[in-house]
Amino acid sequence: MASVNLRHLAVFREVAQRGGVNAAARAVFLSQPAVTQAVAAIERHFGLPCFERRSSGMRLTPAGERCLYRIDRALRELRAAWVDPLRRAGSATAGPGRRGVTFTQLEALTAVAAHGGFQASAESLRIAPPTLHRAARSLEQALGLTLFERTSFGIRASREGERLARHAQLAFAELAQARAEIAALRGQDAGRTVIGVLPLARSFLVPDAVLRFTAAHPRHSVELLDGPYETLLAALRTGAADLLVGALRLPAPAPDVREEVLFDDPLALVVRVGHPLKSTRTPTVRALGRYPWIAPRTGSPLRRRFVDLFEHAGEPVPTGLIECNSFLAARSLLRHSDRVMLLSAHQIEAELEAGWLTTLPHPEGLVCRRIGLTVRSRWQPTAAQQDLLARLRAAAARIGISDSRSERPRDGRRSGSSRSGA
């Protein structure tokens with residue numbers, strides 16, 4: 001963000017809304033040369049002229065219209081972060097860019113929120129700790145808010161600081177979207193999308209869609225972000241990730257995200273080949289409880305389905321669990337023991353074909369969990385990202401067709417004995 005600052009964005013918006021430099025200069029209490037320089041800085045930053053200069057005023061170009069849209073969303077994010085605290089402090093009339101707030105200060109805050117103390121945050125930004133300290137403290141003074149607090153672990157962002165940092169990161173993400181859209185106008189299909197991938201999605205759904213997408217958009221980079229659901233959700237909500245793909249929570253876990261169902265994923269009771277329970281036609285829940293289990297991590301939809309299996313039958317949930325979120329580790333544990341695990345039927349197709357693992361009939365019939373997309377409620381994808389979403393939906397549809405051919409209805413329902421869960 002070094003080549004553009006917050007005031008430039010606010011001035012650009014005023015010029016666009018008022019149709020000229022003179023009117024904008026009066027509105028923001030700057031000289032006409034200062035306003036002209038701000039607009040020029042924005043155009044240099046995005047790489048295309050944003051205005052058509054006419055004797056009657058200034059009119060936005062197509063690039064300028066995209067810039068204005070994203071800049072307005074970025075400034076709205078920042079205003080949402082500090083308008084309520086400033087109102088409580090009696091100074092809510094101050095808007096973005098009018099209190100000397102800079103992107104350098106906001107980057108200092110987001111670094112402290114992400115990394116903790118000033119030393120680690122300065123290292124992440126590759127600047128000296130005193131430089132970061134000055135930027136962070138000057139932001140507090142500019143806004144009149146307490147953004148940092150001293151704890152037993154050192155300096156940390158306060159609750160107000162974390163809130164502002166999250167909105168600042170979303171503002172940064174909007175400007176990155178603007179640069180990608182402007183690059184597309186220049187005929188350079190650039191851009192970057194970060195996808196948080198959960199276990200099933202990383203196995204086959206996302207790779208299929210991403211390979212097809214990158215073949216059509218070779219200049220668009222895609223990062224696949226792996227990790228626990230809570231970490232990926234935090235990345236999504238702060239703009240570090242653009243979307244999550246995997247098991248849905250239903251209802252959505254936070255008010256600022258929304259979920260879209262792609263398909264129902266059949267679940268299977270997985271054991272080693274030659275497991276003693278394979279001699280029974282359909283094992284009872286009580287019989288399943290006599291064997292040791294590998295359980296999905298606590299808090300996951302799969303863990304809830306595991307617990308439901310026993311609670312619905314009035315049986316105690318097994319103890320002595322091995323809690324495992326790594327399929328590679330779980331596969332080895334299953335192959336070398338009599339343990340049982342509830343897993344996605346899709347996720348073990350290769351192991352079934354290789355003869356390494358086998359499945360048991362589920363006592364409740366067909367049981368599914370919902371797989372889909374999670375995005376920020378106010379996220380506006382670029383044209384390229386819309387194509388990526390379309391390819392993810394198409395890949396999910398192909399999975400649904402495959403399920404129907406295998407007598408696995410896509411809606412997760414079979415007459416008489418089926419359950420569908422998140």
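Nothing in this text is a laboratory measurement; each read-out follows from the coordinates by a stated rule. Worth saying up front: this structure is predicted, and the values here are computed from it rather than measured. When we count neighbours, we look across all protein chains shown, and the Cβ atoms used for this are built from the backbone with ideal geometry, even at glycine.
Under the combined filter of DSSP loop state and at most 10 neighbouring Cβ atoms within 10 Å, the range 23-86 retains these chymotrypsin sites (Phe, Trp or Tyr not before Pro): PHE29. Helices in the chain, meaning DSSP H runs of at least 4 residues, each add -39500 (n - 2.57). Divided by all residues, the mean residue ellipticity at 222 nm is -15000 deg cm²/dmol.
As a size descriptor, the averaged projected area of the C-alpha convex hull of the range 266-369 was calculated at 5.9 nm². Taking ARG179, ARG192, ARG54 in turn, the Gaussian network model of the chain (Cα-Cα springs below 10 Å) assigns the largest fluctuation to ARG54. Using a cutoff of 8 angstrom between alpha carbon atoms and counting only pairs six or more residues apart, the relative contact order for the chain works out to 15 percent. DSSP beta bridges confined to the chain are antiparallel in about 65 percent of cases.
A full extension of the chain between LEU48 and GLU223 corresponds to an added length of 60.3 nm, given 0.36 nm per residue minus the alpha carbon distance. With N as its number of residues, the range 247-304 has a Cα radius of gyration that, divided by 2.2 N^0.38 Å, comes to 1.56. Legend: calculated FRET efficiency, PHE204 to ARG159, from the Cβ-Cβ distance at R0 = 41 Å, rounded to 0.05, equals 0.50.
Between ALA34 and VAL83, the FRET efficiency estimated from the beta carbon spacing at R0 = 35 angstrom works out to 0.85. When the chain is treated as a GNM with alpha-carbon contacts under 10 Å, the residue of ARG66, ARG26, ARG376 showing the greatest mean-square fluctuation is ARG26. Once the cut-off is 43 Å, how many percent of the Cα-Cα pairs in the chain end up in the long-distance tail? That fraction is 28 percent.
When +1 charges are put on Lys and Arg Cβ atoms and -1 charges on Asp and Glu Cβ atoms, the dipole computed for the range 151-278 relative to its Cα centre reaches about 260 debye.
If you take the Cα centroid of the range 151-181 and the Cα centroid of the range 330-353, the two points sit 41 Å apart.
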